[in-house]
1. So which of 256, 276 is within 16 Å of the ligand (Cβ to nearest atom), surrounded by 20 or more Cβ atoms within 10 Å (Cβ to Cβ) and either over 20 Å from residue 157 (Cβ atoms) or modelled with pLDDT under 75 (or both)?
2. Pairs only if they're at least six apart or on different chains, beta carbon under 9 angstrom, first in the range 71-84 and without any contact (Cβ under 8 Å) to a residue 40 or more places away in the chain and farther than 30 Å from residue 266 by Cβ, second part of a helix (DSSP H, G or I) and within 10 Å of the ligand (Cβ to nearest atom); list them, first residue then second.
3. Does residue 192 satisfy the condition of being farther than 20 Å from residue 139 by Cα, part of a loop (DSSP other than H, G, I, E, B), away from the ligand (no atom under 16 Å from the Cβ) and more than 19 Å from the chain's Cα centre (by Cα)?
4. Does residue 15 satisfy the condition of being assigned to a loop (DSSP other than H, G, I, E, B), more than 30 Å from residue 145 (Cα to Cα) and either in contact with a strand residue (DSSP E or B) (Cβ under 7 Å, 6 or more places away or on another chain) or at pLDDT below 90 (or both)?
5. So which residues in the range 218-245 are within 16 Å of the ligand (Cβ to nearest atom), assigned to a helix (DSSP H, G or I) and at pLDDT 95 or above?
6. So which pairs qualify, if the first residue must be in the range 227-248 and in contact (Cβ under 8 Å) with a residue 24 or more places away in the chain and farther than 20 Å from residue 41 by Cβ, the second must be within 16 Å of the ligand (Cβ to nearest atom) and part of a strand (DSSP E or B), the Cβ gap must be under 7 Å, and the two must be at least 6 apart or on different chains?
7. Please enumerate the residues belonging to the range 259-273 that are within 16 Å of the ligand (Cβ to nearest atom) and either at pLDDT below 95 or at positive phi (or both).
8. Out of the range 279-290, which residues are at pLDDT 75 or above and either crowded, with 17+ Cβ neighbours inside 10 Å or assigned to a loop (DSSP other than H, G, I, E, B) (or both)?
Ligand SMILES: [Mn+2]
C-alpha cells in the first residue's frame, strides 16, 4: 500500500536536514510559544488518509508543532474502505506517514489502535511496524495517575443506531423545511388531505440523531467505568468532546476531516481538547484554539 520502506526512507532522509530548521512563522507570540512546547501525550483519530477529505497539510503542521512522548493514533487513520474503491494518495498523505514514522524513530512512543475504516491493520495487532505499536486497545496512564482507556469506538455501533449525518443538519435546512412544509400543506389542503408537519417529522429525526451521539458517549463511558478506568479516549463519531459522564471522563479527540481536533496531555497530567485552524490554506500554517481543559 505504501511506498517500499527503503524508498520512503530515502525520500525522508532527503527531507531530513530541512525539518530541524523548519520554523513556523508566528502570527503572534502564542504561536511561537506553541512551536517550542512539548507535550506528554497527543491523541488523534479519524484522519481518513487516502480520502480527499483528509486535511493532511493542517495535520502535518499540527504534528510538527506538538512533539510528544506518547502519540496515540485512535483509529480510522488510513481509510482502507475508500482506497479499495478509488486510489487516492497524494504526497501530503505520504508526508503525514513519514512524520509518524520519524516520530517513532526519534523515541516518541507511537501507539496505533485501528478503527473500522482501517480494520485491515487489526491483523497486525501486537506487532510493530517502523516502531509503531499496533494494539487492539490501550490504557494510557496520565501523569497524575488517571487511567484512560483508549479505543476507536466502532464496537459500540451495535448499541446505538441512527443516520449519523442527521446530527449535522443545520439551521438552514430547518428553515428550508419550514418553507417546504408550508407549500406541501397548501397542496395537501387542495387535495383534501389533513395537515401533516414535515418539520416536526424532521425535528424528530434530528433529535434521534442527537440521541445517537449521547447514547454512544454514555455507552462508551459506562464500559470504561465497568472496566475500572478513570476515563476513556475514543474517536469514530467525528465529534470532539470532553466531559464527565457518570463519574468517568469521556474524551473524544474528534477528526481531521471536518473539525481538525486533538486531545493533548500536558506534563502535569492536564488534558486539553484543541482545535487547529490553518491560517493560510496553502501552507497549512495554523494556530490553536483551546476548546476545553480538564
Ligand atoms: Mn470509525
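The values are calculated or read from the model by the stated rules, or taken from the named source; none is laboratory data. Source: prediction; values computed, not measured. A quick note on method: Cβ atoms are made from the backbone with ideal geometry, for glycine too, and the neighbour counts reach across all protein chains shown.
1. On the way: 276 fails: within 16 Å of the ligand (Cβ to nearest atom).
Selected residue: 256, the only one of 256, 276 that is within 16 Å of the ligand (Cβ to nearest atom), surrounded by 20 or more Cβ atoms within 10 Å (Cβ to Cβ) and either over 20 Å from residue 157 (Cβ atoms) or modelled with pLDDT under 75 (or both).
2. Correct list of pairs: 81/119.
3. Details: farther than 20 Å from residue 139 by Cα: yes; part of a loop (DSSP other than H, G, I, E, B): yes; away from the ligand (no atom under 16 Å from the Cβ): yes; more than 19 Å from the chain's Cα centre (by Cα): yes.
For residue 192, the condition - farther than 20 Å from residue 139 by Cα, part of a loop (DSSP other than H, G, I, E, B), away from the ligand (no atom under 16 Å from the Cβ) and more than 19 Å from the chain's Cα centre (by Cα) - is met.
4. On the way: assigned to a loop (DSSP other than H, G, I, E, B): no; more than 30 Å from residue 145 (Cα to Cα): yes; either in contact with a strand residue (DSSP E or B) (Cβ under 7 Å, 6 or more places away or on another chain) or at pLDDT below 90 (or both): yes.
In short, no.
5. At the first step, the residues of the range 218-245 found to be within 16 Å of the ligand (Cβ to nearest atom) are 219-220, 232-241.
Those left that are additionally assigned to a helix (DSSP H, G or I): 219-220.
Correct list: 220 only.
6. 237/252; 239/252
7. 259
8. Result: 287, 288.
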